[in-house]
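Asks: A single structure is presented below for examination.
The values are calculated or read from the model by the stated rules, or taken from the named source; none is laboratory data. Predicted, not measured: the structure shown is a model, and the values here were computed from it. Heads up, the Cβs are rebuilt from the backbone with ideal geometry, glycines too, and the neighbour counts pull from every protein chain shown.
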């Protein structure tokens with residue numbers, strides 16, 4: 001077990017983005033904006049470039065403007081996820097990378113913040129992802145599409161130490177239906193590509 005290679009988190013990956021060459025939008029960035037990115041959030045702060053209620057669409061941003069869009073710890077705060085994903089799609093360039101992180105519904109952190117309005121599963125965006133069962137049956141919610149590059153549900157620290165995260169992700173529907181009441185999740189991390 002000591003030789004297992006550590007997989008970087010999306011928080012770490014976003015720190016490697018060269019925003020001087022890659023137009024980047026950090027949605028709901030708060031005080032943790034990717035350096036050099038355009039930061040948009042509800043509350044003004046030193047790292048916020050655009051103050052805007054993200055539940056109000058369209059966002060005050062040009063279409064087809066960004067190669068990278070990060071939504072870290074923001075999806076659970078927004079009321080209309082369909083409209084949010086449509087706005088992400090609108091402001092993204094073709095093949096843009098979209099990084100999303102949100103608490104898993106089995107995490108105590110999902111219920112800690114009183115401003116959370118959603119408690120999400122690892123497949124909550126499958127309605128927008130090409131080739132998924134949910135997009136095939138219920139893709140009529142929206143015409144925008146994304147390609148899934150990576151999906152990971154991280155586990156709470158106790159379970160993560162047992163190194164069973166990969167197994168739980170391989171059996172994600174069964175994990176979320178039968179096991180997550182005991183083997184608690186921590187976060188959902190998604191890496192998507194915009195299809196235009």
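Asks: Within the range 155-170, can you find the residues that are more than 12 Å from residue 104 (Cβ to Cβ) and assigned to a loop (DSSP other than H, G, I, E, B)?
Replies: 162, 163, 164 - these are the residues of the range 155-170 that are more than 12 Å from residue 104 (Cβ to Cβ) and assigned to a loop (DSSP other than H, G, I, E, B).
Asks: For the range 171-192, what are the residues that are crowded, with 16+ Cβ neighbours inside 10 Å and not in a helix (DSSP H, G or I)?
Replies: Across the range 171-192, the qualifying residues are 180, 183, 184, 185, 186, 187, 188, 189, 190, 191, 192.
Asks: Taking the condition under 13 Å from the mean Cα position of the chain (by Cα), assigned to a loop (DSSP other than H, G, I, E, B) and within 24 Å of residue 73 (Cα to Cα), does residue 152 pass?
Replies: no
Asks: Is it fair to say residue 56 is surrounded by fewer than 16 Cβ atoms within 10 Å (Cβ to Cβ) and either over 30 Å from residue 178 (Cβ atoms) or at pLDDT below 95 (or both)?
Replies: yes
Asks: Can you name every residue in the range 59-79 that is touching a helix residue (DSSP H, G or I) at 6+ places or on another chain (Cβ under 9 Å) and either surrounded by fewer than 16 Cβ atoms within 10 Å (Cβ to Cβ) or free of Cβ contacts under 8 Å to residues at least 40 places away in the same chain (or both)?
Replies: Passing the criteria: 59, 61, 62, 63, 64, 65.
Here is a yes/no grid of residues against (1) surrounded by fewer than 10 Cβ atoms within 10 Å (Cβ to Cβ); (2) modelled with pLDDT under 95; (3) in a loop (DSSP other than H, G, I, E, B):
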{"site": "2", "(1), (2), (3)": "yes, yes, yes"}
{"site": "6", "(1), (2), (3)": "yes, yes, yes"}
{"site": "13", "(1), (2), (3)": "no, yes, no"}
{"site": "19", "(1), (2), (3)": "no, yes, yes"}
{"site": "32", "(1), (2), (3)": "no, yes, yes"}
{"site": "35", "(1), (2), (3)": "no, yes, yes"}
{"site": "40", "(1), (2), (3)": "no, no, no"}
{"site": "46", "(1), (2), (3)": "yes, no, yes"}
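Asks: Here's a follow-up. Give the range 124-161 a look and list any residue that's touching a residue at least 60 places away in the same chain (Cβ under 8 Å) and out of contact with any strand residue (DSSP E or B) (no Cβ under 8 Å at 6 or more places or on another chain), or say none.
Replies: Selection gives 142 alone.
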